[in-house]
Amino acid sequence: MARTKPWTVSDELWERTKPLVPPTPSHAKGGRTRMDDRKAFEAIVYILRTGIEWNALPREMGASSTVHDRFQEWVGKGFFEALHGGGLTEYDELCGIEWEWQAADGAMGKAPLAPKELTGGGAAGPNPTDRGKQGTKKSLLTDGAGIPLAIAIAGANRHDSKLLAATLDGIKVLRPEPGGGSEQHLCLDNGYDYAFVREQVSARGYETHIRGRGQERREQRRDPERKPRRWVVEITQPQYR
């Protein structure tokens, strides 16, 4: 069986991505030739899919500093948010986002080489579960099938509950208005069991469901027809660490 290369950017993918690429800055005063947008995008996808460090990027794909500069430029111009939103919109048209049951959770990851100027001015911080080493907290919201709808990033020392409002407000596609027989439920674990969280969730039109890690399993044993809801965000999270 042939090995797959999930970092490969096909012609089809690039044609759908190209319209979202920010305009090239003016170089009226001259300077070095700018790296081709597609080549830069391919290098960024390679890094994201393989998980290598920037400095480990194969030289034939481009200078790591140049690719990183382009990544930072595009982050600042909202390119990746537009890409996520475009993908979600297309997915919604083809498959349909499962809005009825959504789930959110936070996960911590390592960021040992992430100075503040490269992490959004403070998106890395001491991880309380890893001897205070630099890390990030990623708060993720998914639909009922585990499709990522929004993500918020902060230092690892930021509590999950403090990131929830920003996560819910960061959905990258038009969310249907809840109500009128189209209720939307939000499933959370015990780390979100605070009055202010319930108020924030309610204000955004959700019905709150807060369960401990073992509570869903115990409820399912009592009622085998009961469907667990939070597992979708838990299996999606590792892809964002």
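A few remarks follow.
- Flag if T24 is at pLDDT below 95, closer than 25 Å to V232 by Cβ and among the polar types (S, T, N, Q): no
- On the stretch given as the stretch 191-230, residues that are modelled with pLDDT under 85 and part of a loop (DSSP other than H, G, I, E, B) total 12.
- Screening the stretch 35-93 for residues that are over 21 Å from R16 (Cα atoms) and acidic (D, E) and picking the one that is surrounded by the most Cβ atoms within 10 Å (Cβ to Cβ) gives D69.
- The stretch 149-206, subset small (G, A, S) and touching a residue at least 40 places away in the same chain (Cβ under 8 Å), residue farthest from D105 (Cα to Cα): S182
- Helices (runs of 4 or more DSSP H) (entirely within the stretch 1-92) containing at least 3 residues that are among the hydrophobic types (A, V, I, L, M, F, W, C): 37-50, 64-76
- Any chance D130 is surrounded by fewer than 16 Cβ atoms within 10 Å (Cβ to Cβ), modelled with pLDDT under 90 and of a type in the set (D, E, K, R): yes
- Among the residues of the stretch 156-190, those identified as under 20 Å from the mean Cα position of the chain (by Cα) and assigned to a helix (DSSP H, G or I) are D160, S161, K162, L163, L164, A165, A166, T167, L168.
The values are calculated or read from the model by the stated rules, or taken from the named source; none is laboratory data. This structure is a prediction, so every number in the text was calculated from the model and none was measured. Reconstructed Cβ throughout: ideal geometry from the backbone, glycine too, with neighbour counts over all protein chains shown.
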